[in-house]
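The next block holds one structure in the form of structure tokens; read it before the comments.
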Amino acid sequence: MRRRRAAVAATLHRPAAQQRRSFGGGRWLVVQRRAVQCRAIPLWREPASGTELDETRDATTLPLLRAAIQSGKPVLAICRGFQELNVALGGSLHQHLHEIPGRLDHREPAGVGRDAEYAPAHSIAIVPDGVLARLSGMTDARVNSLHHQGVDRLAPGLMAEAHAPDGQIEAFSMPGAKGFLLGVQWHPEWAFGADPLSRAIFREFGAAL
């Protein structure tokens, strides 16, 4: 089996006891519970109420993302990884999307089972002629939604690939990257076998490894 070299920044919703960071075989995998948020605000500004930070993680993952991109490793950034990548490259985040007038509530429903939590929640409009449109052949899709932070200012060098109905950026790429780079706010790994867009994303990422 050929050695795979890739960087994956992901947020997979697991109990705290199952959190782990795995470095091996040239692959980087980050697993982190949802409660802790990416540092997306200047150090001199207080985080909004309800925002718990993991600055130790940020001090590790943000430089690693920049190094992965610089070295040309394929990067697929999922959920928190999507947010981390935007911050690592100079972008910023809204801390609570649901508090912004006119925005959807992008949080997962409370008090439901895991299948309902990860069920499709809203549509996305895929940007024509972008990476996501090219690899999927689709113009729109429905995705799950389990976040309360979201992209505010898109980092220099990144290009929006999909938007939610409220205009929120749901995916981006980096046209100038040396290797494959795609970030998505939703969780394509959940029930991916039944979802054409998820299969297309992982097929393209796999081909880049």
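Taken together, the values in this text are just the output of simple stated rules run on the coordinates, not laboratory data. What you see is a predicted model; the values in this text were computed from it and never measured. Positions of Cβ are generated from backbone atoms using ideal geometry, with glycine treated the same way; all protein chains shown enter the neighbour counts.
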Considering only the other residues whose Cβ falls under 12 Å of the Cβ of Ser123, what net charge follows from Lys and Arg at +1 and Asp and Glu at -1?
-2
Ranked highest first by the average count of other Cβ atoms within 10 Å around their residues, in what order do 171-181, 123-133 fall?
171-181, 123-133
With 10 angstrom as the radius, rank His106, His122 by how many other C-beta atoms surround their C-beta, starting from the fewest.
His122, His106
Sort the following peptides by mean Cβ neighbour count (other Cβ atoms within 10 Å, averaged over residues), highest first: 67-75, 96-104, 182-190, 141-149.
182-190, 141-149, 67-75, 96-104
Applied in sequence order to segment 100-110, the curve 6.51 cos²θ - 1.76 cosθ + 1.60 (Karplus, θ = phi - 60°) yields integer Hz couplings, x standing for Gly and Pro, of 8, x, x, 9, 5, 8, 8, 6, 6, x, 8
The answer for Leu53, listing residues at least 5 apart or on another chain whose modeled amide H is closer than 5 Å to its amide H, is Gln37
